[in-house]
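Worksheet for the structure shown next.
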Amino acid sequence: MNRGLFWGIFFVTIGFLFLARNLGWLSVDWETVRNLWPVLLILAGVNLILERQRNGAAVVTTVLLAVAAPVALFSFVNRHHDRWDRDGDRWEYRYDDNDDDDDDTNNDNDNEADNDDGDSDIETSSVSKFVESMDGDTPEATLKFAGGAGRFSIDETTSNLIEAEAKQSIGTYKMEVERDPTTRVPTIELRPNEGKTEFKDGKLSNRIDVKLNDKPVWTMDLNLGAGEGDFDLSRYAVKKLNVQAGAADVEIKLGDRVDLMDVDLKSGVASVVVRVPQGVGCRVEKQGGLNVNQLDDFEEVSDRVMQTKGYDTAKKKINIVFEGGISRFKVDRY
């Protein structure tokens, strides 16, 4: 790939997009644009094939990729400015927060499903609540979360091991908890029950909100398809965090409750923002393709590795490995 040509067009395009947004020239449903992110993979593949064959058409695919990549990134960065409404000038994600007590059904797994037959701003087929109680001695726990399309959050604490609420317009969710017979360490798996979740009429179909107990040391595997992930993990002791995001906008806030935290981030076409405490040493290893990186207050160790000042002598450390396809990656200090 002609890197000079690619990056020149890339920065011109993304600069024009921000200028156009600031001047109010854009009237685009960016949600639709986000769903087209696989086109970038197709263009990248065709470009590689043509370059291997030394075909002059590779210049064309390079130009197309240089335009499409910043448009895809901008669709995630611009999420706070682009909530269009099919019925008016704007749309925004809404869900029905009113549960109909007459329609509640309880089962032995602490799952409460509410089916609303009435009209609402967005159709919600079910509201499910999951609870797993906290054993007296639970030093460690593992959370495995899988989401399709929607909004997903982890925030706040609970006296239970986990509390989760799933509001869906398509499909259902289920939670399974297995405890090691020897150590009694629980593994929680929260995932779609069957089928697939997807965008419906331009709206995010699902919202999953999770609360966790702050006493165990957590290992977390979070797998998102498309949509938004807002994970405030600063209250929890997390020793290992794995996040995979397809076409998603992800914000993660980390804490300082463990001496060493390992974070593995993998994304397709996504915007990933990680917030790290000021008093913690942070090391970032970057892998992958066409990424826009914002790493303020970091020093370059090698071509792909950066770390904060005083990392080697810091008592607490966070090590991040980021592997992105075409992504925006930012690390903030707070």
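Worth a mention:
- Two-site FRET efficiency, Lys144 against Val301, from Cβ-Cβ distance with R₀ of 22 Å, rounded to 0.05: 0.10
- For Thr172, distant residues with modelled amide H under 5 Å away: Asn193, Glu194
- Working note: Karplus 6.51/-1.76/1.60 with θ = phi - 60° gives region 305-314 the couplings 10, 9, 8, 6, 4, x, 4, 4, 9, 5 Hz, where Gly and Pro are set to x.
- Sequence-distant residues sharing a close amide H with Gly229 (under 5 Å, placed H): Phe152, Asp249, Val250, Glu251
- Karplus-derived HN-Hα couplings along region 177-189 (A = 6.51, B = -1.76, C = 1.60, θ = phi - 60°), whole Hz, x at Gly and Pro: 10, 10, 10, 4, x, 8, 8, 6, 6, x, 10, 9, 10
- Linear extension gain, Arg54 paired with Asp230, 0.36 nm per residue minus alpha-carbon span: 59.0 nm
- In terms of the mean number of neighbouring beta-carbon atoms within 10 Å, the peptides 249-256, 275-282, 182-189, 137-144 order highest first as 249-256, 275-282, 137-144, 182-189.
- Computed E for Lys239/Gln287 - FRET, C-beta separation, R0 22 angstrom, nearest 0.05: 0.50
- Backbone amide hydrogens, once placed in the peptide plane, bring Leu143 within less than 5 Å of Ile188, Thr219, Met220, Asp221, excluding anything fewer than 5 places away on its chain.
- Electrostatic tally near Asp262: other residues with Cβ closer than 9 Å to its Cβ, Lys and Arg +1, Asp and Glu -1, net +1.
- The stretch between Phe16 and Leu64 holds 15.7 nm of extra length on full extension. This uses 0.36 nm per residue minus the Cα-Cα distance.
Every number here is computed from the coordinates shown, using simple stated rules; none is lab data. Bear in mind the structure is a predicted one, so any value in this text is a computation, not a measurement. No Cβ is skipped: glycine too gets one built from the backbone with ideal geometry, and neighbour counts run over all protein chains shown.
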